[in-house]
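Enquirer: Following this message is one structure expressed as structure tokens.
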Amino acid sequence: QKAMRLGKLDGSVVAIGNAPTALIEIVRLIKEEGVKPALIIGVPVGFVKAVESKEQVLSQDVPYIVSQGRKGGSTIVVSIIHALLLLSRKKKETCS
């Protein structure tokens, strides 16, 4: 939350796996304050606002990865980040 308040989200990767309210806050910051993350990974788990928070991300003009439904969690966020890092590494190897 501190990074959200300090305006350090522009160009960052925002990864949320357990707090639908944090994902909702990111969407609010994008809409109301013009925050521009490089990527949102939004996979909060749960029954309260998890689905709604993910749906809000879909309408934003920011690259995103979200899961559908109520499933998600911090382990899923970590898996997505690892997959992106592996893809980045493979791309660098093929370009060299």
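Enquirer: Give the calculated FRET efficiency between Arg28 and Gln68 to the nearest 0.05, with a Förster radius of 25 Å applied to their Cβ-Cβ distance.
Expert: Working: r = 22 Å, r/R0 = 0.87.
Working from the Cβ atoms, E equals 0.70.
Enquirer: Please compute the Kirkwood hydrodynamic radius of the chain from all pairs of different C-alpha atoms, in Å with one decimal. Before the final figure, lay out the partial values.
Expert: On the way: mean 1/r = 0.0727 Å⁻¹.
Every distinct Cα pair counted, the radius reaches 13.8 Å.
Enquirer: Can you return the aspartates and glutamates within cross-link range of Lys31? Criterion is Cα-Cα under 18 Å, with same-chain partners fewer than 8 residues away left out.
Expert: By straight Cα distance, Lys31 reaches Asp10, Glu52, Glu55, Asp61.
Enquirer: Taking only protein heavy atoms into account and a 1.4 Å probe, give the accessible area per residue of the chain in Å².
Expert: Heavy-atom SASA per residue in the chain reads 66 Å².
Enquirer: In straight Cα distance, which lysines are under 17 Å from Lys49, not counting same-chain residues fewer than 8 positions off?
Expert: Lys49 reaches Lys71.
Enquirer: Still on this model: At what distance in nm do the modelled label points of Asp10 and Ala83 sit from each other, each positioned 7 Å from its Cα along Cα→Cβ?
Expert: 3.1
The values are calculated or read from the model by the stated rules, or taken from the named source; none is laboratory data. Keep in mind that this is a model prediction, so the values were computed, not measured. So basically every Cβ, Gly included, is an ideal-geometry build from the backbone, and we count neighbours across all protein chains shown. What goes into the accessible areas is simple: the full protein's heavy atoms, side chains included, and nothing from ligands, DNA or RNA. Shrake-Rupley method; radii C 1.70, N 1.55, O 1.52, S 1.80 Å.
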